[in-house]
1. Do you know the relative contact order of segment A:222-284, to the nearest whole percent, from alpha carbon pairs under 8 angstrom that are 6+ apart?
2. Give me D for segment B:158-329 in µm² s⁻¹, whole number, from Stokes-Einstein with Rh from the Kirkwood sum over alpha-carbon pairs, 10 °C and 1.306 mPa s.
3. What number comes out for the charge environment of B:Gly293, summing +1 per Lys or Arg and -1 per Asp or Glu over other residues with Cβ under 9 Å away?
4. What's the whole-number percent of alpha carbon pairs in the protein assembly as shown lying beyond 42 angstrom?
5. Can you pull a Stokes-Einstein diffusion coefficient for segment A:40-134 at 25 °C (0.890 mPa s), Rh from Kirkwood over Cα pairs, as a whole number of µm²/s?
6. Before rounding to the nearest 500, sum -39500 (n - 2.57) across all DSSP H runs of length at least 4 in the protein assembly as shown and divide by the residue total; then give [θ] at 222 nm in deg cm²/dmol.
7. Sort A:81-88, B:295-302, B:280-287, B:103-110 by packing, meaning the average of other beta carbons within 10 Å per residue, with the highest value first.
8. To the nearest 20 debye, what is the magnitude of the charge dipole of segment A:183-253 about its Cα centre, counting +1 on the Cβ of each Lys and Arg and -1 on the Cβ of each Asp and Glu?
There are 2 protein chains.
Amino acid sequence: MRVSDVGEIGAHGRIQRALRRDPRELLGYGDDAVAIPLGDWGTLIAHTDVLVGSRDVVEGMAPFDIGWKAAVMNLSDVIAKGAAPLTLLFSWGIPGDYELEALAEIASGMDAAARECETFVTGGDTSEADDLILAGTCLGLAKGGRIIGRRGAKPGDILASTGPFGLTSVAFKIALEGLEAPGRVRDRALQAIRRPIPRFREGMAIAELGSASAGMDCSDGLAKSIHWLSRMSGVGFEISSIPIPGEVLEFAELHGLDPYELALYGGGEEYELLYCIRPGLWEETAEAVEGVGGRLEVLGRATEGGLALRIDGASKPIEDRGWEHFKGWGRGGREQGRRP
Amino acid sequence: MRVSDVGEIGAHGRIQRALRRDPRELLGYGDDAVAIPLGDWGTLIAHTDVLVGSRDVVEGMAPFDIGWKAAVMNLSDVIAKGAAPLTLLFSWGIPGDYELEALAEIASGMDAAARECETFVTGGDTSEADDLILAGTCLGLAKGGRIIGRRGAKPGDILASTGPFGLTSVAFKIALEGLEAPGRVRDRALQAIRRPIPRFREGMAIAELGSASAGMDCSDGLAKSIHWLSRMSGVGFEISSIPIPGEVLEFAELHGLDPYELALYGGGEEYELLYCIRPGLWEETAEAVEGVGGRLEVLGRATEGGLALRIDGASKPIEDRGWEHFKGWGRGGREQGRRP
């Protein structure tokens, strides 16, 4: 049996079964970060994520963008847990013929993204490799025991995001499938994959209030993220609205595509944070996020069970599909994908 | 200018110059870990190191060995700093056609090495890549402010190691250059590169005593490590003895090689810890290490300046050479090496 036969989740599961479990760790298997209590000092959060040049770099990304994105991939998950980033480290795999100045620009991109989140890139290691590999680790500290995991949502909680969905989906259709788009649509979509915004201030405001029962970033795509929260918390969701930017609607109309399909299943690499907010603290939370210059968009509510999209009177199931390493797009599909 | 023109140290320097410096971080550039004070709780140590399949895996290493080694590479540096390993994370890059059971064995190897050091592998991420990439991050906690860096050695300090040198050097000559060796020599040498021993108990005993003024592991080779300690601490060293196993002496004699050359310059990937011990605490330290089943071998003394090997009445300089990524063996050499 090969890794490509079971996909990323299958491979991850097989690795996990070979590892003994640390009894002190708080989040457990199925979450994407590690949480270790440090007594009065709070909870240490650690997350690791790797950017692979031949797989994750879209044509037109400058070295600065590559570094920025590799940093955001790591920062975002720590922020989603309600932890303030403490530091960022990178193990670099570098081809010998790589331009030295391009390396420096990658580092500047990492540095800039880290400073956006009030932290620094402090450490690393460099090795020779055939492909560009940027394996990051972000550490964060959550004050007290208030970490935000994937478990914990309760029926009635409000599902909300820090921003809209679908732009990365449009960008992949432009960059990988060669679809046409008006200049403004193209620019905004490509910007979304080149320089994703880490939702640091929003994440810190929500962590401070302690109003989120569960949360995560949407780097695997919106539909997959909703399924993760549902599965890990044992709740359903009724989605009544999905925030979709005008550029995505325009692109969908131009190509006869379903904008909800683009927003739910097509993208991934979106770093909006998705939270389940306790209803009694909703007003306060929305105001706190506005207070730091952000905005919370309501998608729907957690329910006793079932995952449904109810928009304009029609109801559709939300499927558990999106991008998965080793499998490509689609659920259980074997269309080996190279994205991008 | 390309990375191969400046080598690993040059590339590292260029990256560092592009990064703003975290004023809280304690070890600074030139050390290989990051230290962040957590108040009364102690000091958080983080180190990241990557194993690249096509570069770092020698023929004959089983998947379990690969995982073990990737873990030790990361554990060792944290232990050398005087910190108890807190947790270990890995970002995996995996070729799609990799065997699932081999992945599980790699994970078992990581797990076994982590448990040797009383910690766990708690987190990770998997991505598709053309080569096997195991990018690890080890976190550790040093109680109080007592971290052991590369700076801090004083003239008069005793330079000592937790074990002998030269076995990995012999192993590379066997595995990469095809040199012959008697079975027993071969077995011990190959074991040294397949299953390096993390010096956890020794490291914790020395950290507990607080008797080391500086220290590091010898993964870059003995001569390079001595040069690092010298440069960062502003001291010299007079080396009067190098512990070399009988198997290395036998192999050297068989092939007309200089055993000191093998021990100082040829190997790397040795995970013995090298410490500068305050002379007044020497007896106590040696006893403490013996108390946990280890042994400290005296190499020499820190001096006001100069690096010399004085053995059998003859004196030779110690050169700053060994393995360097992108450069291969030798100082400033351009023999692009693929090791292994």
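1. Working: 20 pairs, mean separation 21.9, N = 63.
It rounds to 35 percent for segment A:222-284.
2. Answer from the Stokes-Einstein relation: 97 µm²/s.
3. Details: positive: B:Arg201, B:Arg295; negative: B:Glu202, B:Glu290.
My count for the surroundings of B:Gly293 gives 0.
4. For the protein assembly as shown, the fraction of Cα-Cα distances above 42 Å is 27 percent.
5. Values: Rh = 13.7 Å.
Diffusion coefficient, whole number: 179 µm²/s.
6. Values: 20 runs with 234 residues, N = 680.
Calculated mean residue ellipticity at 222 nm is -10500 deg cm²/dmol.
7. Values: A:81-88: 26.1, B:295-302: 19.6, B:280-287: 14.9, B:103-110: 23.8.
So the order, starting with the most tightly packed, is A:81-88, B:103-110, B:295-302, B:280-287.
8. Details: 9 positive and 9 negative charges, 55 e Å.
Computed charge dipole of segment A:183-253: roughly 260 debye.
FYI, it's all coordinate maths here, none of it is from the lab. Since the structure is predicted, the reported quantities are computational estimates derived from the model, not experimental observations. Please note: Cβ atoms are built from the backbone with ideal geometry, for glycine as well, and neighbour counts cover all protein chains shown.
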